[in-house]
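These notes concern the structure reproduced below.
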Amino acid sequence: MFYRYGRNHRKFITWRRRGGSGSPAGLCEMYTFVNRDESSSVYGAVAELLVARGDWRGLPRDSARFHLMLGERNKLPFGRLGHEPGLVQLVNYYRGSGSICRKTSMVRTVRSYSAAAGSNPFLWMPPSFVVCPSRFLAEDDGKAARGRLGLKPRRKDERSEFRAAAAGGNGRGNDSVWIAKASAGAKGEDILISSDCEALLEFVDRGKQSHVLQKYIEDPLLLTGSRKFDMRMWVLLDHQYSIWLFREGVLRTSSDPYDPNDLQDLTSHLTNHCLQNPPSSALLFVALLGCNPLRPTSTPCSTYEGSPLCKLRQI
């Protein structure tokens, strides 16, 4: 995501000499950027690509005047942006993007949108419930304990609703299976798949953050070899709320065949690269499309094995 901050319409650009020519044609625009998360390999690679273009140069991370700021959303000083006269500044996260980037917030956002639109939220996602560690919700806990989870005093979670939903299954096979995922978890960490309702709640209670308890997909679409997969696509939302879809995507796969009878084998049920068996690493990533520049979602699709890309554009 990129958002634009600026005080007026006057463009502030530095210039550099191209090819040593002294004529006006020998000048090209020069842009500047700062990287607020220098430990990130992703932003490090982006910085190298920008510099290699020849019309970008990096500045110290705390510089005030720049055209582009890169960094994780919890490390970006949004309040400092847009105050430099004559300078339009871009940043790679929308302020408040955590409402769709954190699992618990995403569940609440989809529910809120669905309620406003008069639609069923479970058309967009499996039945999902937000559950917090019980020690942060007890009546004798102080405000500070709840504050660490971003909770308001006396706020209740949805464990009772989860118990009711879990009891509604037939108790046989995958129809009773649920998955617990930490709100800020990554790389396959803090995940439990189980058909035991109380075991899932105990797992959450032992944790340090809120979790989403979500209905597990009973009959997943599998690749040849009975392996699970997911498609990861890159989307750009610009300051005018136009959506751009990058034509190259990634398909991640599990390294072991899907086994609904063994819920403890995470390499069978999850596609996170960090969890997979090294001998199968060559099977983990499959490019879906050739490299092409960003194109707007209105561009007709003619590749991507027929319908998948068209379906993504419709969504």
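TYR94 accessible area, nearest 10 Å², 1.4 Å probe?
Probe radius 1.4 Å; accessible area of TYR94 about 30 Å².
Can you sort THR104, THR224 by 1.4 Å-probe accessible area, starting with the largest?
Values: THR104 10, THR224 130 Å².
If we order THR104, THR224 from most to least accessible, we get THR224, THR104.
Would you please classify the overall shape of the stretch 37-76 from the alpha carbon gyration tensor, given that a ≥ b ≥ c denote the square roots of the eigenvalues, rounded means a/c under 1.5, and beyond that prolate means a/b larger than b/c while oblate covers the rest?
Cα axes put the stretch 37-76 in the oblate bin.
From the square roots a ≥ b ≥ c of the eigenvalues of the alpha-carbon gyration tensor of the stretch 184-255, which class results: rounded (a/c under 1.5), prolate (a/b over b/c), or oblate? Write down the numbers at each step before the final one.
Details: a/c = 2.80, a/b = 1.43, b/c = 1.95.
Oblate is the answer for the stretch 184-255, as a/c is 1.5 or above yet b/c matches or exceeds a/b.
Could you give the dipole magnitude of the stretch 169-264 about its Cα centre, charging the beta-carbon of Lys and Arg +1 and that of Asp and Glu -1, in debye to the nearest 20?
Values: 11 positive and 15 negative charges, 72 e Å.
For this selection, approximately 340 debye.
How much accessible surface area, in Å² rounded to 10, belongs to the heavy atoms of THR267 with a 1.4 Å probe?
My reading of the accessible area for THR267 is about 20 Å².
The values are calculated or read from the model by the stated rules, or taken from the named source; none is laboratory data. Remember, predicted model here, so these are calculated numbers, not experimental data. Backbone-built Cβ (ideal geometry, glycine too); neighbour counts: all protein chains shown. Side chains included, ligands, DNA and RNA excluded: accessible areas come from the protein's heavy atoms. Shrake-Rupley method; radii C 1.70, N 1.55, O 1.52, S 1.80 Å.
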